[in-house]
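The block underneath contains the structure these notes are about, expressed in structure tokens.
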Amino acid sequence: QVQLVESGGGLVQAGGSLRLSCAASGTFFSRDVMGWYRQAPGRQRELVATITMIGTTNYADSVKDRFTISRDNAKNTVYLVMNSLKPEDSGVYYCNILRLGVASWGQGTQVTVSS
């Protein structure tokens, strides 16, 4: 099973930026899809962004044009750059890998955006 470790969360004022990182153990496979999800208190976990091994990306409408997902396959790391943060972006951000239909999750990192 792939181990995922997130980092980079924290407290930031509205309009600010953060960069999250997710380091994966082992080697990426060609069909792996990496993603970031988030969960706010009392709400369901929701998709933020995904990226394939060849760099195809997908974003939730709420973060388009503000967030950017990228990956460094040589470092087995996925990043999420979050700009123009809003209070509604607050929550626990989870890294995810989908491999051959099996999903693995990191432990999550807290992002808090103050107004």
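The values are calculated or read from the model by the stated rules, or taken from the named source; none is laboratory data. Not measured: the values here are computed from a predicted model. Methodologically, a virtual Cβ is constructed for each residue, glycine included, from the backbone with ideal geometry; neighbour enumeration extends over all protein chains shown. Areas reflect the complete protein model, heavy atoms only, side chains present, ligands, DNA and RNA absent. Shrake-Rupley method; radii C 1.70, N 1.55, O 1.52, S 1.80 Å.
Here are a few things to note about the model shown:
- Of all residues making up the stretch 2-39, the number that are part of a strand (DSSP E or B) and not charged (D, E, K, R): 19
- Reported count of residues in the stretch 32-65, each being touching a residue at least 12 places away in the same chain (Cβ under 8 Å), of a type in the set (D, E) and within 21 Å of S17 (Cα to Cα), is 1.
- Of the residues making up the stretch 1-22, those that are of a type in the set (G, A, S) and open to solvent by 40 Å² or more (accessible area, probe 1.4 Å) number 4.
- Those residues of the stretch 80-104 which are within 19 Å of T27 (Cβ to Cβ) and not in a loop (DSSP other than H, G, I, E, B), in sequence order: C95, N96, I97, L98, R99, V102, A103, S104
- Of residues in the stretch 23-38 being under 11 Å from the mean Cα position of the chain (by Cα) and open to solvent by less than 20 Å² (accessible area, probe 1.4 Å), the one farthest from L100 (Cα to Cα): R38
- Residues of the stretch 80-115 classified as closer than 13 Å to T50 by Cα, open to solvent by less than 40 Å² (accessible area, probe 1.4 Å) and among the hydrophobic types (A, V, I, L, M, F, W, C), total: 3
- Those residues of the stretch 66-81 which are over 13 Å from Y37 (Cα atoms), among the hydrophobic types (A, V, I, L, M, F, W, C) and in contact (Cβ under 8 Å) with a residue 40 or more places away in the chain, in sequence order: V81
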